[in-house]
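Data block below; observations after.
The values are calculated or read from the model by the stated rules, or taken from the named source; none is laboratory data. Here the structure is a predicted model, which is why all the values come from computation and not from measurement. Cβ sites come from the backbone with ideal geometry, for glycine too, and all protein chains shown count toward neighbours. Protein only, heavy atoms only, side chains kept; ligands, DNA and RNA dropped before computing areas. Shrake-Rupley method; radii C 1.70, N 1.55, O 1.52, S 1.80 Å.
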Amino acid sequence: MKVMQCCNCGHIEFDEAPGSCLICNSVIDAFEEKSDAIKKPADPAKLTDGDKKHIPQIVVVKECGLIPDGTCTDVHVRVGEIEHVMQADHYIRYIDYYVNRSFVARTWLSPEACHPAAGLHLKVSAGSSIIALENCNVHGNWMSETTV
Ligand SMILES: [Fe+2]
């Protein structure tokens, strides 16, 4: 999976850059392949506390009832297994969501008012891939992927 990053705002796309950045509207030339734009645990079998504070936890809830026709798939994201702090100088800035590796939504989080968590109600078919990518203002981008 290729990681493409907008050099103006840091927004990440997978495999292919869009015609323009969906966050800051920069044109396609602003995207560069950047394999290190998303942080990874040094040893996935032995996560550090720092890893556990940043890797998004994705919880999928089928048929929440908010959308009555029953096609709603809830994706809840919490950062992380050890809850990340939300302080003025260190917090989760946003959580981005991707369906089948295409960007679909961003939730901005305020350190004063928000927990390090968010949720979406998606129209997706079974077998779709969901990526949650969070941005910590100190420790950068971290992601998780699951299949619904
Ligand atoms: Fe952090």
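Take the conditions closer than 17 Å to Val104 by Cβ and surrounded by 11 or more Cβ atoms within 10 Å (Cβ to Cβ) and apply them to Pro56. Does it pass? Yes; evaluated as a whole, the condition is true for this residue. Within the range 111-148, restricting attention to residues that are within 16 Å of the ligand (Cβ to nearest atom) and in a loop (DSSP other than H, G, I, E, B), the residue that is most open to solvent (accessible area, probe 1.4 Å) is His115.
Which of the following residues is part of a loop (DSSP other than H, G, I, E, B) and among the charged types (D, E, K, R): Asp69, Asp96? The match here is Asp69. Of all residues assigned to the range 134-141, none qualifies as being free of Cβ contacts under 8 Å to residues at least 40 places away in the same chain and not hydroxyl-bearing (Ser, Thr, Tyr).
Per the listing Leu133, Leu47, the residue uniquely among the aliphatic types (A, V, I, L, M), over 17 Å from Met1 (Cβ atoms) and not assigned by TED's automatic domain parsing to the domain that holds Cys21 is Leu47.
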